[in-house]
Amino acid sequence: MFSFRGNFIRRLLNLIPLLLLLFLAFSETDFDFDKLSFLSFNLIYILIFYWVLKNPDILGYGFIFLAGIVNDVVVGLPIGVSSITYLLLSGFAAYIRYLTVQPSLIFDWIVFAPSIAVTNSIYFYILTIFFDVKINYITLALNTCVTILFYPIIGILFSFLANIIIKERNV
Amino acid sequence: MVTSRDDFSIAVRSALLKKGVKQKFSLLALIIASVILLSLESINSKSLNFVRSAIKDVIYRTSFITSIPGNVIGPMFTNIQGHFEIYEQYEMVKLKLQQLKDQQNQISYLKIENDKLKKVIDDASVFSYETITSKVLVDKESPFLKSVILNKGFNSGLKKGMPILKGPYFVGRITEVNYLSSRVLLISDLNSKIPVLVEPMGYQAIMSGTGDEFALLDFLPKNHQLEVGNLVYTSGTGGIFFSGIPIGRIELIEEKLRVKFFSDLNQLYLINVIISDPMKGR
């Protein structure tokens, strides 16, 4: 009985990042503030980068791909753009994960900046060159910068969850 | 040097091809799948459109359900804030009501005069279009794209290009139709271009969205003289929309003359879709 409960809690904790990813992709919940629009940021990017760096099995590339498709349909973009962006960001995270011997939030933050800059540039070019969708690049650049700035704050929150997951796993 | 290059290629290979313990697909396989999906977007076949439409309908409905908690909690904070502002607004409303009463007398005179003139020019059927009311299912407030999803699709007779009104005001047009849902591109979106008429000068122009709460006017005549307070209507050029649907007013925004919309595009809930064809009967 005790072991069943422990297993259930462990599985539930493991599922939180994935559920959050799917919830953010499906729902209208956006970190896009009405009066402080310049403070809007993309939590999905932070979530993907952080958890792929920690452990790619927690989110799963298949679900990241699916979240991208859902996001494209909800936002109204050509299907596949967000998937490519998310998977490229996962690729950067997986590459850094392979190279890093001793992970630290500050180092992750530093590499997050060029990773998101490259992926958002690809996102912008795919939309403008291949699909002729106009995007305000200043808003996109601002969003990228704010997402970078928010990474350590969200990263600290996620590390609490990561610690709980590790603790539960060790139990 | 050779070693570092080897390290790099091993790391890249590992990141792209290695599958985790619980992973079923490698990153590279999924990136290729995304590229294939993207290239399918440009193919317009009946079966593909049907699949796309079905996927979109399912995702929109799921999105509507998952948005419920956010939609309930968000307005709660707004309501609390709103209560504090009520008295201030009440005083303003009282003042405005008085002004409106004064204006009403003037308007009733103008209305009678207008009706008389309409009879003279035999154009009383300017606004005789048929509309259906629809609910906004999902309003994903993306900072880059401005669009909403409606709970009606081609099963209700909606078609691509149909104009959308909130009350009497023009707010956008349908850009995508599925069986049970459709997407509306709002006039504030960067990709929106609407032929308009600026009154009382009668200037024809193209109104372009800016991604913000105002729009720009392009292709105005040379030596035009816009003024604050000029009204902007749909011109009906091209036969896509009915002419004379009010859109907004010219205002001085960021020291430039821009179109301020009559409708608050962030507060769309029940909207009307004009289903009549403006070219019918011409």
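Of the numbered conditions (1) modelled with pLDDT of 85 or more; (2) farther than 30 Å from A:V74 by Cβ, B:K160 fails exactly one; give the number of that condition.
Only one criterion in (1) modelled with pLDDT of 85 or more; (2) farther than 30 Å from A:V74 by Cβ is unmet by B:K160, namely (2).
Do we find that A:P103 is more than 12 Å from every other protein chain (Cβ to nearest Cβ) and more than 17 Å from the chain's Cα centre (by Cα) in this structure?
yes
Of the residues B:I253, B:I206, which single one is of a type in the set (A, V, I, L, M, F, W, C) and under 23 Å from B:G167 (Cα atoms)?
Answer to the selection: B:I206.
Do we find that B:L231 is surrounded by 15 or more Cβ atoms within 10 Å (Cβ to Cβ) and over 18 Å from the mean Cα position of the chain (by Cα) in this structure?
The answer is yes for B:L231.
When you scan the stretch A:44-57, how many residues do you find that are surrounded by 21 or more Cβ atoms within 10 Å (Cβ to Cβ) and within 9 Å of chain B (Cβ to nearest Cβ)?
1
Please work out which residue is farthest from the chain's Cα centre (by Cα), limiting yourself to the stretch B:16-68 and to residues that are of a type in the set (K, R) and part of a helix (DSSP H, G or I).
B:K46
Looking at B:R249, is it within 14 Å of chain A (Cβ to nearest Cβ), touching a strand residue (DSSP E or B) at 6+ places or on another chain (Cβ under 8 Å) and in contact (Cβ under 8 Å) with a residue 12 or more places away in the chain?
no
Quick one: would you say B:S53 is surrounded by 10 or more Cβ atoms within 10 Å (Cβ to Cβ), of a type in the set (S, T, Y), closer than 30 Å to A:F92 by Cβ and not assigned by TED's automatic domain parsing to the domain that holds B:V177?
It is false that B:S53 is surrounded by 10 or more Cβ atoms within 10 Å (Cβ to Cβ), of a type in the set (S, T, Y), closer than 30 Å to A:F92 by Cβ and not assigned by TED's automatic domain parsing to the domain that holds B:V177.
For the stretch B:233-267, which positions are among the basic types (K, R) and modelled with pLDDT under 85?
The answer is B:K256, and nothing else.
All but one of (1) surrounded by fewer than 12 Cβ atoms within 10 Å (Cβ to Cβ); (2) within 14 Å of chain A (Cβ to nearest Cβ) hold for B:E91; state the number of the condition that does not hold.
Single failed check for B:E91: (2).
Return a yes/no flag: does the stretch A:84-106 have any residue that is polar (S, T, N, Q), under 30 Å from B:I174 (Cα atoms) and touching a Leu at 6+ places or on another chain (Cβ under 9 Å).
No, the stretch A:84-106 has no match at all.
Does B:S243 satisfy being within 14 Å of the chain's Cα centre (by Cα) and hydroxyl-bearing (S, T, Y)?
So B:S243 does not fit the description; no.
Can you tell me which residues in the stretch B:178-204 are within 13 Å of chain A (Cβ to nearest Cβ), in a strand (DSSP E or B) and buried (at least 19 other Cβ atoms within 10 Å of the Cβ)?
Answer for the stretch B:178-204, where residues must be within 13 Å of chain A (Cβ to nearest Cβ), in a strand (DSSP E or B) and buried (at least 19 other Cβ atoms within 10 Å of the Cβ): B:S182, B:R183, B:V184, B:L185, B:L186.
For the stretch A:105-152, give me each residue that is under 20 Å from B:I36 (Cα atoms), not in a helix (DSSP H, G or I) and not β-branched (V, I, T).
A:F131, A:D132
The values are calculated or read from the model by the stated rules, or taken from the named source; none is laboratory data. Being a predicted model, the structure only gives us computed values, none of them experimental. Cβ: placed from backbone, ideal geometry, glycine included. Neighbour counts: every protein chain shown.
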